[in-house]
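The values are calculated or read from the model by the stated rules, or taken from the named source; none is laboratory data. None of these values were measured; they are calculated from a predicted model. Cβ coordinates were reconstructed from backbone atoms using ideal geometry, including for glycine residues, and neighbour counts include every protein chain displayed. The protein model used for the area step is the full one, side chains on, heavy atoms only, and it has no ligands, DNA or RNA in it. Shrake-Rupley method; radii C 1.70, N 1.55, O 1.52, S 1.80 Å.
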Amino acid sequence: MPINKISNSFAEAVADIPSGASIMIGGFGGAGGQPTRLMLALRDLGVGDLTIIGNVAGISKTTGYGWPDHLDPIDQGMFFESGQATKITCSFPVPGTTNPLSDIEKAWREGNAEVDIVPQGTLIERIRAAGAGIPAFYTPTGVGTPVAEGKEHRDFDGRTYLMEEALSADFALIRAQKADTRGNLQYIGTSRAFNPAMATAAAVTIVEVDEIVEPGGIDPERVGTLSTYVDRIVVREAGDPLP
């Protein structure tokens, strides 16, 4: 008998996430590919001392980037506003302005959070490497900058590279357009950027989708994540106003 991966609610899907967990959260820019309902459920769960791993993590709320004008934007900064997160590894924790400050920067300035900024290409490759079982790799990105501090340097063909370690997590909260009941996923738009890699790099992968179909309901050529990586699926209500 196939394992039932469908959760009855977003609250149920995140209920066993403990304090102290590391959590990857998908999304590329603004609300694009963001598991908005899973994020809200995690906030409402109230667990603390979380480590968040994301990409564009703290820009939407302060700038409205990527959000419809009639909605109040949310982003991964919600976990710092609520005091639940103590660390984030991401590429864009703040907007290109200091007025107003993002919730992530506020927490950092007040000494309540650690912020680890990673170049975007390096970040996605660290996640992909974890999913592929590769412990580390070399990249020229960051050589000669603060990113290089404390990291191994090595020369290849006359060029200097940094060693970057793979990045995994306890949980991944991701967004896809469609899932079948076995957990195969189809993505659309910017959700293709970080979600597929995160699905492979976490011990438990929880997926927010717009639709669940029977096996065979996804064109095999459109499957972006295989069911073996997916542990739980939650479907959004039809007409949900949030991206």
Return only the number of the condition from (1) among the hydrophobic types (A, V, I, L, M, F, W, C); (2) touching an Asp or Glu at 6+ places or on another chain (Cβ under 6 Å); (3) part of a loop (DSSP other than H, G, I, E, B) that F80 does not satisfy. (3)
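Per-residue answers, yes or no, for (1) in contact with a Phe, Trp or Tyr (Cβ under 6 Å, 6 or more places away or on another chain); (2) small (G, A, S); (3) surrounded by fewer than 20 Cβ atoms within 10 Å (Cβ to Cβ); (4) not in a loop (DSSP other than H, G, I, E, B):
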| position | (1), (2), (3), (4) |
| --- | --- |
| E125 | no, no, no, yes |
| F137 | no, no, yes, yes |
| G144 | no, yes, yes, no |
| G150 | no, yes, yes, no |
| M163 | yes, no, yes, yes |
| L173 | no, no, no, yes |
| A176 | yes, yes, no, yes |
| S191 | no, yes, no, yes |
| A197 | no, yes, no, yes |
Considering residues that are surrounded by 15 or more Cβ atoms within 10 Å (Cβ to Cβ) and either part of a loop (DSSP other than H, G, I, E, B) or hydrophobic (A, V, I, L, M, F, W, C) (or both), the number found within the range 205-241 is 12
Contact list please: Cβ distance under 9 Å, first residue in the range 84-99 and closer than 17 Å to P119 by Cα, second residue open to solvent by less than 10 Å² (accessible area, probe 1.4 Å) and aromatic (F, W, Y), pairs at least six apart or on different chains. I88/F79
Just to be sure I understand, how many residues within the range 83-98 are surrounded by fewer than 19 Cβ atoms within 10 Å (Cβ to Cβ) and outside any strand (DSSP E or B)? 6
Within the range 42-65, track down each residue that is assigned to a loop (DSSP other than H, G, I, E, B) and either open to solvent by less than 50 Å² (accessible area, probe 1.4 Å) or farther than 23 Å from L123 by Cα (or both). G46, V47, G48, G54, N55, A57, G58, I59, G64
Going through the range 178-189 one residue at a time, which ones are among the hydrophobic types (A, V, I, L, M, F, W, C) and open to solvent by 50 Å² or more (accessible area, probe 1.4 Å)? I188
Please go through the range 4-27 and give me each residue that is at pLDDT below 95 and either buried (at least 20 other Cβ atoms within 10 Å of the Cβ) or closer than 26 Å to R128 by Cβ (or both), ordered by number. G27
With the requirement that a residue be touching a helix residue (DSSP H, G or I) at 6+ places or on another chain (Cβ under 7 Å) and farther than 19 Å from V213 by Cα, what does the range 3-14 give you? A11, V14
Reported set for the range 64-82 where residues are over 11 Å from M39 (Cβ atoms) and aromatic (F, W, Y) is Y65, W67, F80
Within the range 99-123, work out how many residues are within 15 Å of N55 (Cα to Cα), assigned to a helix (DSSP H, G or I) and open to solvent by 30 Å² or more (accessible area, probe 1.4 Å). 2
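Scan the range 101-108 and tell me whether some residue there is acidic (D, E) and more than 22 Å from P18 (Cα to Cα).
Yes.
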I'd like to check something: does the range 28-36 contain any residue that is surrounded by fewer than 16 Cβ atoms within 10 Å (Cβ to Cβ) and not β-branched (V, I, T)? no
Residue pairs qualifying under the 9 Å Cβ cut-off, at least six apart or on distinct chains, with the first in the range 179-195 being on the phi > 0 side of the Ramachandran plot and the second being in a loop (DSSP other than H, G, I, E, B), are G183/I3; G183/K5; G183/L226; G183/V230; G183/D231; G189/F28; G189/G32; G189/G33
Output for Cβ contacts, cut-off 7 Å, separation at least six or different chains, first residue at negative phi in the range 139-164, second of a type in the set (G, A, S), reads T141/G121; A148/G142; L162/G142; L162/A148; M163/A136; E164/A136
Out of (1) under 28 Å from G46 (Cα atoms); (2) in contact with a Gly (Cβ under 7 Å, 6 or more places away or on another chain); (3) modelled with pLDDT under 95, the odd one out for M198 is which? (3)
